[in-house]
Amino acid sequence: MFDSGVGGLTVLDECLAALPAEDFVYFGDTAWFPYGDKAPADIRRRSEEIAGWLTGQGVKLVVVACNTASAAALTWLQRRLEVPVLGVMAPEARAAVQASRTRRIGLLATEATVASGSYQRMIRANDAGARVTAVACPRLAPAIQRGEPWGEDLVEMVREYAGPLRAAGVDTAILGCTHYPVVERLIRRTLPGVTLIKSGEEIAREIGDTLRRKGLLRPGATEGRYRFACSGDPEAFRAVGSRFLQMPLGEVARVEPAAVAGSR
Ligand code: DGL
């Protein structure tokens, strides 16, 4: 599983609970964070290097636990890797369409994700008549990645980004960035009564179904292992990561996937 930083840990969190027997390796591309303001071609190249490192670890499935990388690189990776590759967008788009009664759906995501139009396309593939209000939130993931303490400025920021969704009267909103569930309570307050769709729960279900159908699900009640690697400072990753996961991370390895992929 990989993400641009620690946000994908919200996805891992759900997977650890839903698939306790599986082993996980998580890579956070903290040296390259954020992906949200990068060009799609650069995100694709970087995602391929990281996926190359992950498959080198012997994984049976790759999860792109980053909405921005899913939008830019999912199909690219699926064409190139031998193992199945799952992204966070399709399950969320489907869940949003299923949940919405008014068929007015909001999306909060990074600039790159909104600009790709991927969510909008996937939502319409599930319901051609759905109306989507998409808001790019360029400052939100970096503010969350910096970690606590959070102040009034974050509250204001969330209010500002949620404004167009309120104005559009959406009844369902996709938290289209893996960082956003960390401030879910804040978002919930600014969008009362709106159903929030988060990638973690949806993708955990999708991974379980995929592994089961392919006969790859690890049987038994034994507890699987998990480990972490990142491209930036491992100590900083551990500090923010353990707050995100609310559990110890153990040793965090520092890895530069470009160098590893290049030397294969
Ligand atoms: N993790 C990224 C995502 O889910 C958001 C942060 C970034 O800009 O890298 O879109």
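Length, then width, then depth: along the principal axes, the Cα atoms of the stretch 1-148 run 44, 33, 31 Å. Relative contact order for the stretch 133-264: 19 percent, from Cα pairs under 8 Å spaced at least 6 residues apart, divided by residue count.
Here is how the number arises for the chain: DSSP H runs of 4 or more residues each give -39500 (n - 2.57), the sum is divided by the residue count, and the result at 222 nm is -15000 deg cm²/dmol. Residues of the stretch 86-108 falling in the label zone of R121, defined by backbone nitrogen less than 13 Å from a point 7 Å along Cα to beta-carbon, are 90. Amide H to amide H distances under 5 Å link F228 with Y26, A253, where only residues 5 or more positions off or on other chains count and H is placed in the peptide plane. Each part gets one Cα centre, and for the stretch 86-142 versus the stretch 1-32 those centres are 22 Å apart.
Say we join alpha carbon atoms closer than 10 Å with springs in a Gaussian network model of the chain; which of L216, L107, L74 then has the biggest fluctuation? In this elastic network of the chain, the residue with the biggest mean-square fluctuation among L216, L107, L74 is L216. Between the stretch 215-241 and the stretch 178-212, the alpha-carbon centres lie 20 Å apart.
Residues in the stretch 37-47 carry Karplus couplings, in order, of 10, 9, 6, x, 5, 5, 5, 4, 4, 5, 4 Hz; the curve used is 6.51 cos²θ - 1.76 cosθ + 1.60 with θ = phi - 60°, and Gly or Pro positions show x. Using a probe radius of 1.4 angstrom, the carbon and sulfur fraction of the accessible surface of the stretch 26-98 is 47%. Rolling a 1.4 angstrom probe over the protein heavy atoms with all chains in place gives the stretch 26-134 an accessible area of 40 Å² per residue.
Highest mean packing first, where packing is the average number of other Cβ atoms within 10 Å per residue, the peptides 16-22, 60-66 line up as 60-66, 16-22. Counted residue by residue at 0.36 nm each, then reduced by the alpha carbon distance between them, the extension gain from V83 to R185 reaches 33.1 nm.
Within the same chain, aspartates and glutamates fewer than 8 places from K214 are excluded, and of the rest, those with a Cα less than 19 Å from its Cα are E22, D23, E82, E202, E206. Couplings 3J(HN,Hα) for the stretch 111-117, derived from phi with the Karplus relation 6.51 cos²θ - 1.76 cosθ + 1.60 (θ = phi - 60°), are 4, 5, 5, 5, 5, 5, x Hz, where x marks Gly and Pro.
Normalised by the number of residues in the chain, the average gap of Cα pairs under 8 Å and 6 or more apart makes the relative contact order 29 percent. Compared with the direct C-alpha span, the chain from T102 to R166 gains 21.7 nm at full extension, assuming 0.36 nm per residue.
The values are calculated or read from the model by the stated rules, or taken from the named source; none is laboratory data. These numbers were taken from a predicted model, which means no experiment stands behind them. Backbone-built Cβ (ideal geometry, glycine too); neighbour counts: all protein chains shown. Keep in mind that these areas ignore ligands, DNA and RNA; they rest on the heavy atoms of the full protein, side chains included. Shrake-Rupley method; radii C 1.70, N 1.55, O 1.52, S 1.80 Å.
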